[in-house]
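Down below is the structure, laid out as structure tokens.
The values are calculated or read from the model by the stated rules, or taken from the named source; none is laboratory data. This one's a predicted model, so the numbers in the text were calculated from it and none came from an experiment. For neighbour counting, all protein chains shown are included, and Cβ atoms are generated from backbone atoms with ideal geometry for every residue, glycine included.
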Amino acid sequence: MDGVLLYKEKLYLFDGKSFSTVSPKEAKKYKIGALIPVEDIRTLTFKLPKSLDEERLAIQVELKMYNEAGLDPEKEYAIDFISYDLPNEENYLIEAFALSKEDADAMVGEMVSKIGFLDILFPRFIAYKSLYIEGSSSNDLIIYIGDDEAFGVVYQKGRYIGYRALDSLAKISKKIGIELARLKEILATKGLVQTNYPPNEIHIFDALQEHFYKVVEKLVYAINHKRSYYGLEGIDRIILDFEGHKIEGLKELFVAQGVAEEGSYELLECCGLDAKQSSLAVAARYVAFYDQLDQRINLTFYERRLPFYRYEIFRYLVASFVAMIGVGAVIWYLSLQESELESQLRLKQQRLSKLKSINKKLLAKIKALQSQKQELNQKLAALQQEIEIYEETLDSFPLIEEAKLERQKMINDVVEDLYIWRLSTKLLEQNGTKRVTVDLVSTSDQRDKIAKFMKDLLKKGYKRVQTKQIERQKNLYESRVGIEK
């Protein structure tokens, strides 16, 4: 099945094996789609009753997006959503998406003026759905890193369950202070392995490692959040979509966080093409197989018009023409009917215009009431919190002795592992019974011991063991490790 992808002002026809450029006239023979950057999309997740039929569900989604996602009532938006039928729940979990026509026109308006339509506008994170047309038994974390956008997206056995936006290469380049082309070269050739960097580039390694530590923490948090909704058992594969390159050392950061320890780390592959072309092939397949997908997003404003002969009015005119030959009276009757229909159409258009005006006013009132409700909820929450503080104070007295034992056990576990891995500490601080902070001082060749130290604590049942801060002073590293029960 063939599909055309609009990418960087050019039209690419994909036949399932290779790409070829086509003219706007040739492209009209196929389904045509284009990618939307994630930063242009408003996303909102919420729940709605399963008792709603399809039409009322769509209306409620639109109202939610205007009321809670901050859509401007004066602008035109395309809104689409994916619903999840969760077991033992009376509500659907809805993930809704909105794109303004203003942003869409800026991206594809010029090409649409040449073609006349654009069948599908979609974000890149849903395009990977085309990899799972034939199903899958794997839980995958796909990481896309591009010049202008980046994100991580999770597919649970072929089902899309969510994405998390990340800093693009352009933003990373600006933060670190090196050129975009050089940044891509460094990531592709040296990755996140310290021994690949000469002494005069150690500052670059430190900056990149700190950035990707934060990236991994964001994605691990998102994955853990999805567990409660979808029963996600873990990640089997980490798939990287980075212009056909791997980033050496990236998987080790996930391992240190207890994710995908036994899983694979591989490049995106599709359709027998090289990794660099596979990224576009995935998007083109999404366009080609759009009607067959069980999950899909389309935020287009530029729907294709049916051929004239497909419209009912054409068939009516043909029938009228035949009737004119035989019976003049029928023509006169049909003329009256047409006039009546036009009159009814004008009335309905006036009514629709009035309803739109009323709807805008209602949306404004709903927004004001929503704001009042939020203020009241905040006051109620403050009172509830105050009551809970008093109740917890009364309940906590018999637990003081037990808390002492828990704190002592945490300290003993940390000290034991510090001794095992011969790590030096600058500070050992305990905050309650649930958290300990350790400032480690190490040389360059001891950094792998820090990872093993963190891994041992994870095995002992601590939920989160992560590095919050890394500072380098001469040949020593100061690493702040947070440990939570």
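The set of residues in region 226-248 that are over 17 Å from L131 (Cβ atoms) and without any contact (Cβ under 8 Å) to a residue 40 or more places away in the chain comprises R227, S228, G231.
Within region 34-51, at least one residue is touching a residue at least 40 places away in the same chain (Cβ under 8 Å), in a strand (DSSP E or B), closer than 24 Å to A281 by Cβ and out of contact with any Pro (no Cβ under 9 Å at 6 or more places or on another chain). For region 19-28, the criterion of being assigned to a strand (DSSP E or B) and surrounded by 15 or more Cβ atoms within 10 Å (Cβ to Cβ) is satisfied by at least one residue. Confirm whether S173 is without any contact (Cβ under 8 Å) to a residue 40 or more places away in the chain and either under 26 Å from E303 (Cβ atoms) or out of contact with any Gly (no Cβ under 7 Å at 6 or more places or on another chain) (or both). Criteria met by S173. Remark: pairs (first residue in region 249-271, closer than 26 Å to D206 by Cβ; second residue surrounded by fewer than 16 Cβ atoms within 10 Å (Cβ to Cβ) and at pLDDT 90 or above; Cβ separation under 7 Å; 6+ apart in sequence or on different chains) = G249/V193. Cβ-Cβ distances below 8 Å connect the following pairs, each with a first residue in region 65-76 that is assigned by TED's automatic domain parsing to the domain that holds L48 and part of a loop (DSSP other than H, G, I, E, B), a second residue that is small (G, A, S) and at pLDDT below 95, and a separation of six or more residues or different chains: P73/A364. Every condition in (1) surrounded by 12 or more Cβ atoms within 10 Å (Cβ to Cβ); (2) out of contact with any strand residue (DSSP E or B) (no Cβ under 7 Å at 6 or more places or on another chain); (3) over 20 Å from L63 (Cβ atoms); (4) at pLDDT 70 or above holds for Y290 except the one numbered (2). Going through (1) of a type in the set (D, E); (2) loosely packed, with under 15 Cβ neighbours inside 10 Å; (3) closer than 19 Å to L253 by Cβ one by one, E179 falls short only on (3).
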